[in-house]
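Let me begin by presenting the structure, written as structure tokens, before commenting on it.
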Amino acid sequence: MITTDLSYPIGKVSDQLFTGKGPYDDKLKTAALRKIELLPQLLEFAILNLDEAQLNTPYRPDGWTVKQVVHHVADSHMNAFIRFKLGLTEDNPTIKPYDQDAWVKTKDVSNIPINVSLTLLHSLHIRLYTLLNHIKSEDWQRTIFHPEQQKELSLWSLLAIYSWHGEHHAAHITQLRKRMNW
């Protein structure tokens, strides 16, 4: 579902068919895992042939630049991998939140080309997909505790969030390209 909302071009995670709120379902899991598996290619296609000026264009007024979005997805999905591993190996571990707006302003984001984060995402998503693809159905109900949100999140909910997250940010870029006729 593509929307005209520049912040949520595919809708919010809660708007998605698969929100992780319902019970475990093999068909939904397969679709979500496919999104995890294909994200690096989707993001790579979204930025294909963009020049430096285009990479430094915000996807919306007061939004992050395309370059920041790509680095953010890498940062976020590294955290996702760690959150899943913690949830699989510990009982309801408390995760470490981070300030994503501060992270996109660090020097690695401004100084390193996006192909570094794309390469990282390709490798990371092989690991993430393999990890998630081998979770037993009963283990999807294992939880982590998110201290900022003050709630437990199941691994099933995390799958919903991160399968949406990559597509969400790729759509920021593809919708910007359409608006700008790039």
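The values are calculated or read from the model by the stated rules, or taken from the named source; none is laboratory data. Predicted model only: the values in this text are computed from it and were never measured. Every residue, glycine as well, gets a Cβ built from its backbone with ideal geometry; the counts of neighbours run over all protein chains shown. Ligands, DNA and RNA are excluded from the accessible area calculation, which covers all protein heavy atoms including side chains. Shrake-Rupley method; radii C 1.70, N 1.55, O 1.52, S 1.80 Å.
Tabulated values for the structure
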item: Residue list for segment 129-155, restricted to those being under 16 Å from ALA31 (Cβ atoms) and open to solvent by 20 Å² or more (accessible area, probe 1.4 Å); result: TYR129, ASN133, SER137
item: Qualifying positions in segment 3-25 - in contact (Cβ under 8 Å) with a residue 24 or more places away in the chain and either out of contact with any Ser or Thr (no Cβ under 9 Å at 6 or more places or on another chain) or outside any loop (DSSP other than H, G, I, E, B) (or both); result: LEU6, SER7, TYR8, VAL13
item: Matching helices (runs of 4 or more DSSP H) fully within segment 29-128 where at least 1 residues are β-branched (Val, Ile, Thr) and either touching a helix residue (DSSP H, G or I) at 6+ places or on another chain (Cβ under 6 Å) or open to solvent by less than 70 Å² (accessible area, probe 1.4 Å) (or both); result: 66-89, 107-111
item: Selection within segment 129-156 - assigned to a helix (DSSP H, G or I) and not hydrophobic (A, V, I, L, M, F, W, C); result: TYR129, THR130, ASN133, SER137, GLU138, ASP139, GLN141
item: Answer from GLY22, GLY87, GLY63 - the residue that is over 14 Å from the mean Cα position of the chain (by Cα) and at pLDDT below 95; result: GLY22
